[in-house]
Structures are given as C-alpha cells and as structure tokens.
4 protein chains.
Amino acid sequence: MSHNSFGHIFRVTTWGESHGPAIGCVIDGTPSLLPICEADIQTYLDKRKPGQNRFMTQRQEADQVKILSGTFEGLTTGTPISLMIENTDQRSKDYGDIKDKYRPGHADYTYMEKYGIRDYRGGGRSSARETASRVAAGAIARKILGGDIQIKGALIQVGEHAINRDNWDWAEVNNNPFWCPDKAMVPVWERYLDDIRKKGSSIGAIIEVHAMGLPAGIGAPIYGKLDSDLAAAMMSINAVKGVEIGEGFNAARLSGEENADEMYRDDNNNPAFYSNHAGGILGGISTGEDIICRFAVKPTSSILNPRRTVDKFGEDTEIITKGRHDPCVGIRAVPVGEAMMACVLADHILLHRGQQG
Amino acid sequence: MSHNSFGHIFRVTTWGESHGPAIGCVIDGTPSLLPICEADIQTYLDKRKPGQNRFMTQRQEADQVKILSGTFEGLTTGTPISLMIENTDQRSKDYGDIKDKYRPGHADYTYMEKYGIRDYRGGGRSSARETASRVAAGAIARKILGGDIQIKGALIQVGEHAINRDNWDWAEVNNNPFWCPDKAMVPVWERYLDDIRKKGSSIGAIIEVHAMGLPAGIGAPIYGKLDSDLAAAMMSINAVKGVEIGEGFNAARLSGEENADEMYRDDNNNPAFYSNHAGGILGGISTGEDIICRFAVKPTSSILNPRRTVDKFGEDTEIITKGRHDPCVGIRAVPVGEAMMACVLADHILLHRGQQG
Amino acid sequence: MSHNSFGHIFRVTTWGESHGPAIGCVIDGTPSLLPICEADIQTYLDKRKPGQNRFMTQRQEADQVKILSGTFEGLTTGTPISLMIENTDQRSKDYGDIKDKYRPGHADYTYMEKYGIRDYRGGGRSSARETASRVAAGAIARKILGGDIQIKGALIQVGEHAINRDNWDWAEVNNNPFWCPDKAMVPVWERYLDDIRKKGSSIGAIIEVHAMGLPAGIGAPIYGKLDSDLAAAMMSINAVKGVEIGEGFNAARLSGEENADEMYRDDNNNPAFYSNHAGGILGGISTGEDIICRFAVKPTSSILNPRRTVDKFGEDTEIITKGRHDPCVGIRAVPVGEAMMACVLADHILLHRGQQG
Amino acid sequence: MSHNSFGHIFRVTTWGESHGPAIGCVIDGTPSLLPICEADIQTYLDKRKPGQNRFMTQRQEADQVKILSGTFEGLTTGTPISLMIENTDQRSKDYGDIKDKYRPGHADYTYMEKYGIRDYRGGGRSSARETASRVAAGAIARKILGGDIQIKGALIQVGEHAINRDNWDWAEVNNNPFWCPDKAMVPVWERYLDDIRKKGSSIGAIIEVHAMGLPAGIGAPIYGKLDSDLAAAMMSINAVKGVEIGEGFNAARLSGEENADEMYRDDNNNPAFYSNHAGGILGGISTGEDIICRFAVKPTSSILNPRRTVDKFGEDTEIITKGRHDPCVGIRAVPVGEAMMACVLADHILLHRGQQG
C-alpha cells in the first residue's frame, strides 16, 4: 500500500528529493539471470537528462546511476535492485523565493496542507527530478520485455500545434530535440518554443507511447486491467492531467460500427484485426495489436511572469519563479512515458505467467 | 494484488458473472458505527438499473441488494460488508450466437486468449452488469464521506453532441433520462438516440463527475496520487477509453499563465483559488477546490448490424449481436462514475487519517 | 491491505458472522481450466463440520457450500470464485448472556475496544465459524497443487498428552475422531476429553501439518518467505498462540552440527538431505523435503465454570458460557491448518512461476 | 506484493547484499513532523553491530547510517525515508570455499534452486547483515510509537540453559553482552558460549520481546491480526524457526480456566486483567496488557567442523565454513526482534487510526 511504489510482481519504489543528497529506487520482482549493467540504464537516463538543449531546463545533472544491489557478475539475482543517482547540481539559492510562497499550479500548497512541512528546495519530493528513477526502472523492465516487445514514445502536440499523423515517421523521432515523429512540425515547434522560452512562459503538450509485439492475453480484469494500470502509471507522472487508450476521448464521437475493430483470419490462420481503435486493449486484456496510450502534460507552473498567490502566513502576495525551468516539460516526459509503459507491461507479463503459466 | 479488488484501507472486491446465480462484492475497511441499511444502497442501484426507459437495455433486473455481513442492528461493525445481488433475468437464449464468435470491440476474444475459456452468457465477467457492485460499494463509501462531501455526475457529450457548459444546472440532472445538466440538450439527445436505437447502432459518450467539499490535503504522492487512483478507477469501468482531471487534454493548449490557478486570501483568511483548472488536485493532493474528473465511454460493441469477425475455430464469419443492449452505455455509466469517485475519496480520507492523524 | 484477505496471486477474502445469514469467501487468482465442483469443496468442509461426534460442539450446521461465480461448465474461468455457506443453526438464545459481559480469553472485549460495537451473537466475526471459509478456499488451492503435492494434518498433543512420534502412522489419522496418527493415544484422549467435556471445561492442543512433494525453490526472501507466510497464515487461525517450522523451538537447544541437515547426491544424481530439521525451508525457500509446520491452539474460552469478568458498563461480574462448545477446538483446527497450508503453497507456486517462469 | 517489503501504511522495503557496496531500506508512510536524525538510528544499530565482544562475529562494520531522503531540517516530511549503510569490511576471501559448495542448514542451496544464481559472497542477500536495515527501520518506528510505548527484548535461553524467570530484571539486560535479564545466568552462558566458540560450533537461542503501553483496540481481524503480523515479522528474521505469543505452545497444556485471563474493574474504573496468558492479544487485537512475543533462533550453519554436502555440480563433498561467525546469532537477534515489534506496532497504530479515527 506504499504510496511511493507501483507494480505488483515487478514492483518499483522510488525515494528522494530534488535537492537532497540523492534520489533512487528499489526494484523488486525482477527475474534472475537477466544481463544488466549500469550502461544499460544510463542510455535511457541520458535521453531524459536536463540541459541537453535550449528547450530544456539548464540544470546540469550528470544523472549517473549506480547499481547498489541485486546483480552479481553482470546478471540479476532475483533480489531487489537498488539504484541511486546522486544530486550534483543543488544550487538552492535559485529557489529561495518559493520558501514561503506557494507557486500557483504547483504542489507547494497541497504538500503543506497535507504534511505541515515541505522541502521547498527545488520542489523537494514533488520535483520532476523523481522521474529519473522511473526511467531507470524502465530500463530494467525492458530487459524483462526482451527484444520482441518494442516501446516507442513521441511528442505529438505542443500548445495548439499538433502533428500531422499522416507524416508519422518513427525514424524522425531521434532526429530532433522534441521526439517529434513529424519532420514538418519540428521548425514550427522550434520557433514556438523559442518564443515561449524568451517570454519566460511555458506550454503544455501531448505524448503518445506505443508498445509493439505484446502478445494477446496479457492484462487482467477487472481492477487490474492493463489500461487501468497504464492510466494510473501515466497519471502519476508529474503534470499529467489526462490519459487515453486508442481512440480515447474521440470514442465518444464514434458509433459502434466505427469504433469496433473487425476481425479476420490472417495468413498464418491467426485471428487479426482490420483496425486498432481499441489501442490494443479490450476488457483490460491485450489484443495482440499495438498498445497505444496518450497523455497530456500541463505547462510548468514555474514561470517568470508575476502571479498572484498567498504565502504560508496566509498573506496575499505575488510570485515570480526564477531559476532554470523547462518551457515545455512535455518534451522530457517522452522517455518517462516510455519507462512507465515498460514497467506496466513487464509487471503484467509476470502476473499473467503467475496465474496462467 | 487481487485483480478484482481496488482501494487500500477501504477495499472493494467484486465477483460474479452476468448470467450466473448472483453478483456481489465484499467491502473491507469500513469504519464502524456508520448507519447502513439495504435501502441506502438500493437508492443508488435504482439509478443504474437497466430497463428504466427506452434509452437503456430492456433487460429486466430487480437489482435487489442483500447485506450478508458487516452490519449489526443497523450499524457497521468494522468487519467486511458482503453484498449480493441475485441475477433474475437470465434469458441466455439471447446470447447463443456469441458462443463461438468473437464480437468485434468486445472482450470475448481477449478473455479466450488469456484464459482459454470464457463464460459467454451475456459477456460473463466482462459484462457491464459488474458495475452494479461498484454502485453498491459507492453507497457505503458515501457514508464515510458524510454529508459535507457531495458527489455528482452528469452526461456531457453523446456522439458529436456536447452540452453547452454555460447552461450547466445540477438541478436538471434528475429531470431527464440522461443525467444531462443542460436542459436545451435533452431533446437533441432524445432524437439522436432514438435514431441510433432504431438503427440497431450505438454511440459513445463523455461523463463528468464532481466532488464538492473535500478539504485540502487529501491524496498522496507519488504513486498513490488522488488523480492516479481516480484514473485507474475510472479506466477500470467497462468501455472507458480516457480519463481527465480538470483541464485534462486541454491543458496541452494552455500556457503556464493560463493554466495555473492563482491564489488569494479569502474572507475567512484561508488560502483560496481564483480558478480551478487543476480540477482540485495538485501533486496528487486535493486543493480544497472541487474535484473534477471526466471519462469517455466507447459505444457498445453489441450492435444489430453485421460485422466481420472470426469464430473460436479461427474461421472468418459475420456476427449480429441480438439481444437487449444499451444504445449509449454512457448513460448508465454516470452513477457508476459517481460510485468510483466516492470509493476513491473514502479510501484516501482513511489513508490520510492513518498516516497524518 | 484488506484485513480480511490473505495471499498474493492466489488471494482469499473471507466475510461473514457466526449468526448472520451466511458466511463465505472470494478467491481471486485461480488459474483457469481447473475442474471444480461443489462436491470437491464439500469433502473438506465435511471434515471440519461441527456436531460429528461428542468431542465437538453440538451446533448443527449443514455447511453446504454454493459456488456463485468463477466456474463455467465445471471448469474455473480465471475470474473470482465466490463461495457461500448459509448459516442454518442460529439459536441465538444460547448466547444471550454474553451480550453485555466479556468472556475472559475471548475477543469480546478487544472488538468492543476497537470498534465500539460487536455482533455478540455467537462471537460474530471472531467465531471459529469463519474457518469454514478457509477450508473451502483450501479445496480450491489443492486443485492448483495437483496430485503431486499432498497435504496432511494430524493432532499430536492434547493437554499434557503428546503422541509418541515413533507410532506415527498417517493411515490411522482417519480412523479416529481426533485425526490422531498414534493409535495408542486414541483411547487416552477419549477418556481425557470425556472428562473435560463433562466438567464443562476445555483444553489446548498442538496440530502438525505436512506437505509432501513440493519441489525445491518455492518461496521468496526476505519478507515473503514461505515460512513467514505460513506463520502468518497459521497464527491467523482462531485461538492459535504459536507456530513452528521443522525443529521449531527445539532448535534453540541444538548445536550447528545437530541442526543443519547434511546433503548428499541421491540415486538420481540430485542433491538430497540426510535429515529434515529445517522442516523443508531454508532462507524462506523450499528445500524439496517435506514442509513441516506445527501450531498450538489454546483452550476455548467458552466454558461452563464461572469466571470473574466485567460487563460493558464496566461493572465487576461473573460469567458462565452456556451453549454448544468444543471441549478441544484443536481437533477441528486440523482441516483448517491443512487448508491454510494448501493456500500458502498454491500462492507461492504461482508467485514463483510469475517471477521465475 | 513485493517480497522485500513488509507493513501496510508504515511500509519498509530493504535491499542489499552482505558484500555489495551497501545495504539499506526505504521506509514509506511515516507521519510528518517527527524529529529524526542519524544519531537516533545509530543508537539502535550500535546495539546490533558485530564485533562488540567475543560472543559475536569478529567482522568489523562501522554500520554508519546515512539518511538520503524524507527529512528536512531535522523533521520527517511524510515522504519516503531512504537509509543507506555502506559495507566497509568485505573480506571476501573468507568466503571462497562456499562459492561452489552448499553449506548444510544455509540458504545457499535453495537460492540456487530458485534463482539459478546466487551472490555467494558472505551469504549475499540471505546474510544476517540484512537485519541492520530492520534495526534502522525500527528506530523510525519507535518515533511513531512515542514515549508512552516501550519495547524491550531479552535473551531467555541459550542451548539447554534457560533463564529463571523469577530472576527477571529488565535493568540487567544492558549489563551483560547477552541482553540477559537473569543476572545468575550470565556466567553460565559465558562459559557455555566460550566452549562452543572454541569448538568452532554454534548454538540456538530464544528471544523474548515485550511492548508496554500499547492501548487496547490495536490490531485487526482476521488476516491482519496483530499476532499474525508479528508472527510473519519475527519468522522473517534470519534463522528463526518458531514464534509464540503469550503462553504460546504451553497453551496446549492449559485448561480454559487456567488460560483465560479473568477481568476486573481497576481503580480508574477501567477493565483490567488479573493475568496475561494471552500475551496482550485476543482475536488479533491488543488487550491493553503487555504484548509478549518469543521466537526461537536456530544455530548458525557456518561452523568449523566438517559437514557432508554436495557442490553445485552435484558432487558429494565436505565443507568447513571458515570466517568470522557468531557462535550464537540469537544474541544479535535481540535488537532485531525489538525493531520488528516496533515496526509492526507502528504500522497497526496507523492502520487503526485510518479505519477508526
């Protein structure tokens, strides 16, 4: 029932504050004999690392992961894997102004209401820095998924600017700083985000994550549904306000004829689908089609323009959040969304094997 | 880790198939000394009951709940509350055609892939009938919430027809068969759904649920977030494909200035918000503003028009799903969404009290 | 986190009071395609049923189990199995005296302190009647274990009278009303318990449960140890005050040389043990030897001799518990202990398969 | 469902191997605003630390704890507390012989059967070194318990030598290297253990832990019983083979009259007990009397005398376990048992507050 854990058999517990000595996670339930080294994890952490280009926070973090337990001679042992990432850039002077004031749209106020205390340095536990632990855990999860299951994420909308899905090209995703699959949209977002950054403002975004190669039959009714666990996993990411599977909210507009994916016998005599409005999940169980999940990320509340707020003494005041912030946190949410997808799928594969063999 | 349970301290386990002898649930963790009788639960079951008007399935179910344990002399005892609803209308001849064929858009195929067997009578465990147990559990949850916390749901979109939010009037919700808060939309939906029903088709919908009166500080970072648990709860409802909190997907279009809710000191010298884009949740913890959650329901896959599919022998075929189906299951999802909101909030109130006193 | 559930993948939730309309359980996580019918469960319930001879309570209960969900055409479907046993003998007049007084040694007082209310009829939720649900769940668990894993329980001590282990003969266990494996002890216990029964007194006992055929490697360090889960499971049975594995408390007297089971290569070239002081578990994981677990049951607190107590108004008083009680509840605890062993092993087999394949 | 976690609201996850870089734990669910510093935890770690006298392993470990998260300015924040203890004495040459051979009575063989790999250095995950994390967690738990609830442990039997309970004096416990409450027994154990140590042998022991000051009403039926959780917690400690509450196994010898604790109205007009055979727990809920729990620890399997065993290639062989071992690991189990008691009680206090307010 731990609030800082997720997953069932493959279970991840994260800890750490933005400006404490370190952050990290403990990953339990990993099968033994999987080859894992720090470089395997580092690859994914580097994708999420801040300071890589001008569209990200300029905080400089090496985000160097250490494996403290759970492997032996390069293989998992089946015991808990403890991962630690030391915080190196802790310029807490940047955050002095938020010590007493609540940032509108931030968790400052709610943490204080709940706990009567908060580590205000860099957002403390509520900082997006926590998502590094998710990415590290996702790297372990991918080892369980193996080579046959691929997970890919993309940024598909920034502010009003949505990609043209007809242009979708997975190969483009690694060619631009946005994980954008639509080459034509890249220059648009560049200009748009440069403008937002210069204004000291921020903007929301939508991320889409696909999983290819998951066989049919993974997931579990009724409250352990694959989509239910995905919804929880994605919604738990900082700043996420909405989650969709397949057609998502658009399903409200469709008729039964339009929405339901018809089936046929494919060349291998296996059941197959003519379409994938379902996003690969029916009744909480995978269909064998690609799992498709989208989530919306709100704009960072840390902006340079003054906002009305109150302080912890209850007085009306204004706040400007200086410091090094992401104009669009949605960009760095792409590898985080991939990681959460990997963790949920790995867990459900183990769960299915447990119950059904 | 039970797949058929949800919640932490207030924990609900449901069981039962559409055409078995009964369905029901076991509710654990309810505080003692709450007054509860069968009529308290029946009120909410009656809201969800099929066959109440022509826009719902014509299946006739009394949906009469029995309390089998957990109360004594009209009060909860703190021990598990077992609720049972007998299935009375089990005309299984209606479902003969789906015995061997997979309905496109239905869980028939995925259950078979997972389990190698399925109770095909009326959808078995995947039937929306299971949601009666949720509604029953929600009635218990409301007792925990008490009179100060109100939960209200509404249908806000059917197909292309969204309500005009400026017309929102909670008082209207009980005056029409759709739980529609916009009086002007009612005749539109009536004509629209009559047409869909006559065509043997179905249509999707969007439901919005509000909780008023929840104090600030309820919920818990990071993986036990209030919105994370709400997302899982709503996504676990049959046919749901998307969940939003507050601005939801629209947050992607907003700037930090537009999205973040500014604060001020109210007349009682308490912190308050000028707006509620957050939907009452920041950092996974309640702000004291209304909790606002929306979810999208896909159209029923059980339609009268022939669709291409395969049967369990792997042969191409066609299917028409006769029987008594909902042209828009979204309507009956309104009381279900309310119930899930009630259960999640009750659980989080107990959790908060546990950790923080 | 439900207080009324146990197990991880194979998870059992029980409900019901002694004198309510029924008791029952919901069993989640059972693999599909196992053949199960009510008669399979009834066999084990009949072993535990009250009123079978003069050494048990004379309460008359048919203990007829109904399967309400989770099977279809005689096979498990993988969905939750709901089992219900109606209470037929509810002579509540027998229990009138305990309405206001606390029975020494009973949970009357602690339930009242915790909940501020209790269903005093027959002990309510704290009644040993709840163990019928465990026995029913155990019957399902045995289906998962299959024919290669055998579970057998025996009564090995009643009061001061312990069996002679040299006489141990499993075949004798079904030949006497005590599940006694030592033929020579049967007449001793008969006379001893007749005397206790006539005096209106009661006596404690020790039960031993063996599991044969469990392969090595089942269980999980550190807090999901097989022996840790067995200890919790046995201690949760009403009136149990101690649990041992293998040598148990006697291990305190042994040297490392005496206690550690030496190993050798057996005729099939597999590692084997010269002895089984460990009771089949090392480091929380099975060794392949028999799992051996013992637990002690205290004497029933419901006795005919007057005892000093207080009533719920805080006044000093005396109590005599009339009614139909077990002179030695330990006898009926034998099938209950077997059931708990079956449930724990089934769960760990599924867990192991989940993580390790 | 993590195998390396325990507790419900107050939930502890441990990680780390004996000869890896570090061990540690993550503690979730701690209420905020409790004053905690490293010295508070170190006090208890020092009690358990190896190498303090000749009756313990001579491994030299500073066991210096670091708080990595969850506190701010000396107070808990309600977020997960991450504790780390670096391994400084990793003389792995001592353990070379066990690389390929299974130590009889050790988890070497079962880990290999389960995982197909094991970190053989110093026992890896199965090392008693893991218990340092429990002791650290226990220090946090005591902060939740506050000053009114005291937890004290004692060693009451070593081999055949049990203390005389009439001599019990808590003040003596800190005056000898055994946590022995019976002054007269100290020289007996000294001679006895010197002899065992010189022979390169080892011996079992029994520990007793008391909790004073816990109010009545804490705990929860049926599978979350206070004694059920205590049994699991104690049985999860390395080398423990039996757990008892109150009279424990002796309850088997008692009549209902002897065992049940009679009640009376005390001077403050509160219900009280004439005796405490129950060990402070009835029906899984505290009575207000002292909680009394005993557990038996088997002798270390690491002994200097040659034992028959097999190696991982399946060949018959002999083994002598050189190195620095405890002649009686039961001694160092005393602070571990105290810590587990503290963790279970803290968790149940929060759980009770959650459900019952």
*Taking A:Ile206 as meeting all but one of (1) at the interface with chain B (Cβ under 7 Å from one of its Cβ atoms); (2) crowded, with 21+ Cβ neighbours inside 10 Å; (3) part of a strand (DSSP E or B); (4) out of contact with any helix residue (DSSP H, G or I) (no Cβ under 6 Å at 6 or more places or on another chain), write down the number of the exception.*
(4)
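Take A:Ser255 and decide whether it is surrounded by fewer than 22 Cβ atoms within 10 Å (Cβ to Cβ), at negative phi and touching a Pro at 6+ places or on another chain (Cβ under 8 Å).
So A:Ser255 fits the description; yes.
Here's the yes/no breakdown for (1) touching an Asp or Glu at 6+ places or on another chain (Cβ under 6 Å); (2) at pLDDT 95 or above:
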position	(1), (2)
C:Thr77	yes, yes
C:Arg91	no, no
C:Val135	no, yes
C:Lys143	no, yes
C:Gly153	yes, yes
C:Ile156	yes, yes
C:Asp166	no, yes
*Restricted to segment B:190-203, and to residues that are facing another protein chain (nearest Cβ under 7 Å) and of a type in the set (Ser, Thr, Tyr), which residue is nearest to the chain's Cα centre (by Cα)?*
B:Ser202
*How many residues are among the basic types (Lys, Arg) and either open to solvent by 10 Å² or more (accessible area, probe 1.4 Å) or within 14 Å of another protein chain (Cβ to nearest Cβ) (or both) if we restrict to segment D:17-50?*
2
*Hey, can you tell me all the residues within segment A:230-250 that are closer than 30 Å to A:Arg353 by Cβ and more than 7 Å from chain B (Cβ to nearest Cβ)?*
A:Leu230, A:Ala233, A:Met234, A:Ile237, A:Val240
*Can you pull out the residues in segment B:156-171 that are in contact (Cβ under 8 Å) with a residue 40 or more places away in the chain and at the interface with another protein chain (Cβ under 9 Å from one of its Cβ atoms)?*
B:Gln157, B:Val158, B:Gly159, B:Ala162
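Can you go through A:Ala171, A:Ala154 and tell me which one is out of contact with any Lys or Arg (no Cβ under 6 Å at 6 or more places or on another chain), open to solvent by less than 20 Å² (accessible area, probe 1.4 Å) and among the hydrophobic types (A, V, I, L, M, F, W, C)? Quick ask: steps written out before the conclusion?
Numbers: A:Ala171 fails: open to solvent by less than 20 Å² (accessible area, probe 1.4 Å).
The match here is A:Ala154.
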*Can A:Arg129 be described as touching a strand residue (DSSP E or B) at 6+ places or on another chain (Cβ under 8 Å), open to solvent by less than 10 Å² (accessible area, probe 1.4 Å), of a type outside the set (A, V, I, L, M) and not in a loop (DSSP other than H, G, I, E, B)?*
no
_Let me spell it out: the conditions are (1) of a type in the set (Gly, Ala, Ser); (2) more than 7 Å from chain C (Cβ to nearest Cβ); (3) over 18 Å from D:Glu338 (Cβ atoms); (4) surrounded by 23 or more Cβ atoms within 10 Å (Cβ to Cβ), and D:Gly224 meets all of them except one. Which number is the exception?_
(2)
*Consider only pairs whose beta carbons are under 6 Å apart and that are at least six residues apart or on different chains; among these, list those whose first residue lies in segment C:92-110 and is assigned to a loop (DSSP other than H, G, I, E, B) and whose second residue is aromatic (Phe, Trp, Tyr) and modelled with pLDDT of 85 or more.*
C:Lys99/C:Tyr120; C:Tyr102/C:Tyr109
*Give D:Ile9, D:Ile67, D:Ile27, D:Ile41 a once-over and let me know the one that is in contact with an Asp or Glu (Cβ under 9 Å, 6 or more places away or on another chain) and not in a loop (DSSP other than H, G, I, E, B).*
D:Ile67
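Does C:Leu230 satisfy being in contact with a Cys (Cβ under 6 Å, 6 or more places away or on another chain), at pLDDT 95 or above and under 25 Å from C:Ser5 (Cα atoms)?
The answer is yes for C:Leu230.
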*asked:* Regarding segment B:51-63, can at least one residue be identified that is within 20 Å of the chain's Cα centre (by Cα), more than 7 Å from every other protein chain (Cβ to nearest Cβ) and of a type in the set (A, V, I, L, M)?
replied: yes
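Might you check whether a residue that is in contact with a strand residue (DSSP E or B) (Cβ under 9 Å, 6 or more places away or on another chain) and within 14 Å of chain C (Cβ to nearest Cβ) occurs anywhere in segment D:75-98?
Of all residues in segment D:75-98, those in contact with a strand residue (DSSP E or B) (Cβ under 9 Å, 6 or more places away or on another chain) come to D:75-87, D:97-98.
Narrowing further to those that are within 14 Å of chain C (Cβ to nearest Cβ): D:98.
Scanning segment D:75-98, I find at least one residue that is in contact with a strand residue (DSSP E or B) (Cβ under 9 Å, 6 or more places away or on another chain) and within 14 Å of chain C (Cβ to nearest Cβ), so the answer is yes.
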*Restrict the check to segment D:123-135 and report whether at least one residue is closer than 30 Å to C:Gly357 by Cβ, among the basic types (Lys, Arg) and away from chain C (no Cβ under 14 Å).*
no
*Given the conditions (1) closer than 21 Å to D:Gly24 by Cβ; (2) surrounded by fewer than 24 Cβ atoms within 10 Å (Cβ to Cβ), which single one is not true for A:Val12?*
(2)
*Can you spot a residue in segment C:251-259 that is in contact with a Phe, Trp or Tyr (Cβ under 8 Å, 6 or more places away or on another chain) and facing chain D (nearest Cβ under 7 Å)?*
no
*Of the residues in segment D:243-252, how many are touching a helix residue (DSSP H, G or I) at 6+ places or on another chain (Cβ under 7 Å) and either more than 19 Å from D:Gly280 (Cβ to Cβ) or open to solvent by 10 Å² or more (accessible area, probe 1.4 Å) (or both)?*
2
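Looking at A:Ala296, A:Ala272, A:Ala278, can you tell me which residue is touching a helix residue (DSSP H, G or I) at 6+ places or on another chain (Cβ under 9 Å) and not in a loop (DSSP other than H, G, I, E, B)?
Working: A:Ala272 fails: touching a helix residue (DSSP H, G or I) at 6+ places or on another chain (Cβ under 9 Å); A:Ala278 fails: not in a loop (DSSP other than H, G, I, E, B).
Among A:Ala296, A:Ala272, A:Ala278, only A:Ala296 is touching a helix residue (DSSP H, G or I) at 6+ places or on another chain (Cβ under 9 Å) and not in a loop (DSSP other than H, G, I, E, B).
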*Report, ordered by the first and then the second residue, all pairs with beta carbons closer than 8 Å, sequence separation of six or more or different chains, a first member in segment B:314-336 that is without any contact (Cβ under 8 Å) to a residue 12 or more places away in the chain and more than 19 Å from A:Asn259 (Cα to Cα), and a second member that is open to solvent by 10 Å² or more (accessible area, probe 1.4 Å) and assigned to a loop (DSSP other than H, G, I, E, B).*
B:Gly314/A:Asn269; B:Gly314/A:Asn270
*Which listed residue, of C:Ile319, C:Ile331, is within 21 Å of C:Gly123 (Cα to Cα), open to solvent by less than 30 Å² (accessible area, probe 1.4 Å), among the β-branched types (Val, Ile, Thr) and modelled with pLDDT under 95*: C:Ile319
*Is segment D:68-86 home to any residue that is of a type outside the set (D, E, K, R), under 30 Å from A:Val12 (Cα atoms) and free of Cβ contacts under 8 Å to residues at least 12 places away in the same chain?*
yes
*So, of the residues in segment A:279-314 that are within 7 Å of chain B (Cβ to nearest Cβ) and open to solvent by 20 Å² or more (accessible area, probe 1.4 Å), which turns out to be nearest to the chain's Cα centre (by Cα)?*
A:Lys298
*asked:* Being within 30 Å of D:Glu318 (Cβ to Cβ) and open to solvent by less than 40 Å² (accessible area, probe 1.4 Å) narrows it down to one residue among D:Gly78, D:Gly138, D:Gly146, D:Gly105; which is it?
replied: D:Gly105
_Number of the condition not met by D:Gly217 [criteria: (1) crowded, with 18+ Cβ neighbours inside 10 Å; (2) over 29 Å from D:Ala278 (Cβ atoms)]_ = (2)
*Tabulated pairs, segment A:3-19, first farther than 14 Å from A:Arg125 by Cα, second in a strand (DSSP E or B) and of a type in the set (Phe, Trp, Tyr), C-beta under 7 angstrom, 6+ apart or interchain*: A:Val12/A:Phe6
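The values are calculated or read from the model by the stated rules, or taken from the named source; none is laboratory data. Here the structure is a predicted model, which is why all the values come from computation and not from measurement. Note that each Cβ is placed from the backbone with ideal geometry, even for glycine, and that neighbours are counted across all protein chains shown. These area figures cover heavy atoms from the full protein model, side chains too; ligands, DNA and RNA do not enter into them. Shrake-Rupley method; radii C 1.70, N 1.55, O 1.52, S 1.80 Å.
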